[in-house]
Amino acid sequence: MSREPSFRPILSAAEPDPAGRGTGERGEGSPVLSCEVAGQGPSCAQLPEVCESERRLRRAMWASGTSVWEWRAEGGLIRVDPFLLGGAEVNLPACSVEDFLQRLHPEDAQAAQDAWRAHREGQRADLEVVLRLHHDGRQRWLRMHGRAIERDARGEPCLVMGTLKDMTAEREAAEALQAMARALERMSRHDGLTDLPNRAGLEDYLAQRMAQGDGFALMQLDIDGVKDINDSYGHEAGDRLLRTAAGRLREVLQGGEASAVLARWSGSSFSMVLQPGSGETEVRTIAQGVIAAFALPFDAQGHPVSLQARIGAVLAPRDGATPVELLRKVDVATQAARGPVRNGLAFYGSDLEDDVQRRVRLFSLLRADAERNGFAFVAQPKVDRDGQATGAELLMRWPTEAFGAVSPAEFIPMAEKLGLIGLMGRHALHAAARLAARCAAAGQRLPVAVNLSPKQVLQPGLDRQLLVACERAGIEPALLEIELTESALLAGLDVVRPVLQRLRGFGFSLALDDFGTGYSSLSYLRQLPLSKVKIDRSFLLDIERDERALRMLEPMIRLCEVLGLSTVAEGVETPAQFEVLRRLGVPEFQGYHFARPLPVDEWAARVEAAGPVPIRLPG
C-alpha cells in the first residue's frame, strides 16, 4: 500500500526559492496557493480554508496518479509534485524546460517543445502533449496539460500550471485495440489456411491495379481432385495439400514473375495477378510452370496422389474495365480449360460465353435425366486369345435432344460435381445385371463389367446395392465384374479393403482398371482381393515397333502372373498389337480391333442369335 504523499511546496513563502526568490509572491497579482502536508502547518495562514481545499485536491490527484506542475518565468524552472507511476511514487527534481525535455523519449521532445512554444506565443489556448518517460524498466505514457495563469504586459506567460497524468494503461489498451483492428482487417483480406490474400483482398488489389491504368494479366487456377482427397482422407489432409499447392505456386511465380500477386479465390481455386504490361506470352510461361509443378505427385497421408490444374486467363483492360467483370470472365475461361483440346489453359473469348450457357443448361438436363434414367448403355465385348467373346464392359452414354450425344469426359465430372454420380451408378448396375441375365438366358455365360465411381465404393450399403441388382435380374454375383480405378481407392487400403473383401466373399469379380497410370498400383495388387487387372491403353502404343515400350509392358504382365491375377489389354486397335500381346501371354483383350461399343440390345440380340455357340470376334 502506497504511503501518503509528503508534499513539498512548489513555491513556499517560508523558505527561499532555488532560483533566488524568497517572497513567495508572483510579482503582480495574488500569492501562489501552496502548502506543506508533512505536519509543518499551512504556509498561508491568512487563508486556511484555501490551503485545506488545495491540500485535499492535491491529495486526491496524487491518489489518482495525477500530479500538479507549474512553471514560473522567474527562475524558469518546472516543478512537479510527487505522483504515482505504476504503483510507485516518483519525485522529479525541479529543472529547466530544456532539462525536462532531455528526460523524454527523443521522438516526443520536439513535439513537446513545439507545443510549449505555441502556447507561450498564444497560438494555442492550452498546452496539451503526450509524452513517453522511461521508468522502472519500462516505458510509461504521460499526458501533460497546462495553461498560462498569468501573462505580463507583453503577453509573455509568467506562470503556467497544469497536470501530469499517467495514461499508460489507457494507451496500451488503445494500442491493443488498434492491433486487434489491424489483425481483423488483415483476417478479412487474408486466407487463414495459406496466408494468401483472399477474395476480398484480391478484389481490392485489382481495383488498385486498374486505377493505375497499366495493362496486366489475371489468371485463375482450379485444382481438380481436392474434394476427393477431403472425402477419402479428411479435410485435414486436403488442407495440407492446399498449403503445398500454394507453396508450389509461389515458387513458380518467384521464378518468373517476382512482382506477381498470388491469392486464394475459393476452396481449391487460386488467382494470380501478373506484373504490369504482362500479356499472353507471360501467361503461357506461367501456365507451363504451373502444369510442370503439378505433374509431381502430392502427398495424402503417405499416399502419393496426382492433381490436375485448369487455368483460365484474361487481359486487362482488354477483357474488362472493372474487377467484377474481369473475375467473371476469368471464371468463364477457367471452366472452358477443362476440355482436353485446350491442354489445361484457356484465354477468355466471347465464344466462351456460349459454352457457359451450355454448361448451365447441361447441369439442369443432367439432374432431370439422372432422376428418370435418361441414359443409354452400350457394351464393348472382350475376347480371349482365339478371338472368342468372354464378356463385355457396360458403358454409359448420354444422348440429349438439345446438344446431341454428350461425352462421358464431360458429363461424368458434372455428375460428380452435382452429387449425382451415385444415382447414375445404380442405373448402370441394374443395366449391367439385366444384360448379363439376357446372355445367360441365351446359354452364354458372359460376365458384364461395370465401373464403380470413388463415391460408390465408399457409400454405405454398396454390397446390398449390388446384391439387389443381381436378385432383380435373377443372376449370380459372378456374372457381374466390378471395375475400380485407383482414384476409387484413395481412401486408403484400411478403408477400401474390407469393402472389397465383402464383395469378393459374395462372389463378385473385382478388376483394377487403368493399371499403371497411378503411383500405388503395386501395393494395391498385393493387398487387395483383386481377380483381374486391366492394362491401360497407353502402354500399348507402339509395342509392335518400339522395343522400349515392349520392355516396359512385359514385366507388368509377369508380375500379375506371379500374383495370380488375370490381365486384360484394353485399347487393342491393330492386328500387330494383338499378336504381340498374345506372345506375351495376355489372356483377354478389348478394343476396336474386335468390336466398337454396341448398343446393349444389339449385343444381346447377337448373343441370343448365336445361342450356346461361342461368338467369334472380329467377323
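The table that follows gives values for the structure above.
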| read-out | value |
| --- | --- |
| Note, ³J(HN,Hα) from phi for region 115-129, Karplus 6.51, -1.76, 1.60, rounded to Hz, x at Gly and Pro | 5, 4, 5, 4, 6, 4, 7, x, 6, 10, 5, 10, 9, 9, 8 |
| Where the chain is the region considered: accessible area per residue in Å², 1.4 Å probe | 48 |
| Added length on full extension, which subtracts the Cα-Cα distance from 0.36 nm per residue, ASP386 to MET180 | 66.5 nm |
| Count of Lys pairs (Cα-Cα under 16 Å; at least 8 positions apart or interchain) in the chain | 5 |
| ALA211 paired with ASP354, simple spin-label distance in nm, labels 7 Å along Cα-to-beta-carbon | 4.0 |
| FRET efficiency estimate (nearest 0.05) - Cβ-Cβ, GLN501 to ARG551, R0 51 angstrom | 0.90 |
| Pairs of Cα atoms farther than 18 Å apart, region 413-484, % | 36 |
| P(r) of region 415-551 over all Cα-Cα pairs, binned every 10 Å from zero, in whole percent | 12, 39, 32, 15, 3 |
| Percent RCO, i.e. relative contact order, over region 404-488, from Cα pairs under 8 Å lying at least 6 residues apart | 34 |
| Semi-axis lengths, Å, region 500-593, gyration tensor of Cα atoms, sqrt of 5 times eigenvalues | 24, 14, 11 |
| Folded to 0 to 90 degrees: helix 493-506 orientation relative to the chain principal axis, Cα | 30 |
| DSSP-defined beta bridges in the chain - what % are antiparallel, rounded to 5 | 75 |
| Volume in Å³ per residue [convex hull over Cα atoms, computed for region 226-277] | 66 |
| Charge dipole magnitude, Cβ of K and R +1, D and E -1 - the chain, Cα centre, debye nearest 20 | 1500 |
| Debye intensity ratio I(q)/I(0), log10, region 231-312, q values 0.13, 0.19 Å⁻¹ (C-alpha model) | -0.42, -0.84 |
| Cα principal axis extents for region 87-188, largest first, Å | 59, 32, 21 |
| For region 142-214, alpha-carbon Rg relative to the globular expectation (2.2 N^0.38 Å, N residues) | 2.16 |
| Normalised contact order of the chain, rounded percent, pairs of Cα under 8 Å and 6 or more residues apart | 8 |
| Sparse-neighbour loop sites [trypsin sites (Lys or Arg not before Pro); region 253-353; at most 14 other C-beta within 10 Å; DSSP] | ARG318 |
| Degrees, to the nearest 10: 547-562 long Cα axis against longest axis of the chain | 80 |
| As computed over region 268-400, the Cα convex hull volume per residue (Å³) | 215 |
| Cα-based helix-to-principal-axis angle, 421-441 vs the chain, degrees rounded to 10 | 10 |
| Whole-angstrom Cα spans of region 65-141 along principal axes, big to small | 36, 27, 20 |
| Structure-based [θ]222 nm, the chain - -39500 (n - 2.57) summed over DSSP H runs of at least 4, per residue, nearest 500 | -13500 deg cm²/dmol |
| Estimated FRET transfer efficiency (ARG472, ALA610; beta-carbon r; R0 22 Å; 0.05) | 0.30 |
| Relative counts (whole %) of C-alpha pair distances in the chain, using bins that are 20 Å wide | 15, 31, 18, 14, 13, 8, 1 |
| Region 551-619 - convex hull of the alpha-carbon atoms, volume per residue in Å³ | 111 |
| Pairwise label distance in nanometres, CYS95 with GLN254, each label 7 Å out on the Cα-Cβ vector | 4.9 |
| Whole-percent carbon and sulfur share, accessible surface of the chain, 1.4 Å | 52 |
| Bins of 10 Å from zero: percent of alpha-carbon pairs in region 341-432 | 13, 39, 27, 15, 5, 0 |
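The values are calculated or read from the model by the stated rules, or taken from the named source; none is laboratory data. Please read all numbers here as calculations on a predicted model, not as lab measurements. Methodologically, a virtual Cβ is constructed for each residue, glycine included, from the backbone with ideal geometry; neighbour enumeration extends over all protein chains shown. Only protein heavy atoms, including side chains, enter the accessible area calculation; ligands, DNA and RNA are left aside. Shrake-Rupley method; radii C 1.70, N 1.55, O 1.52, S 1.80 Å.
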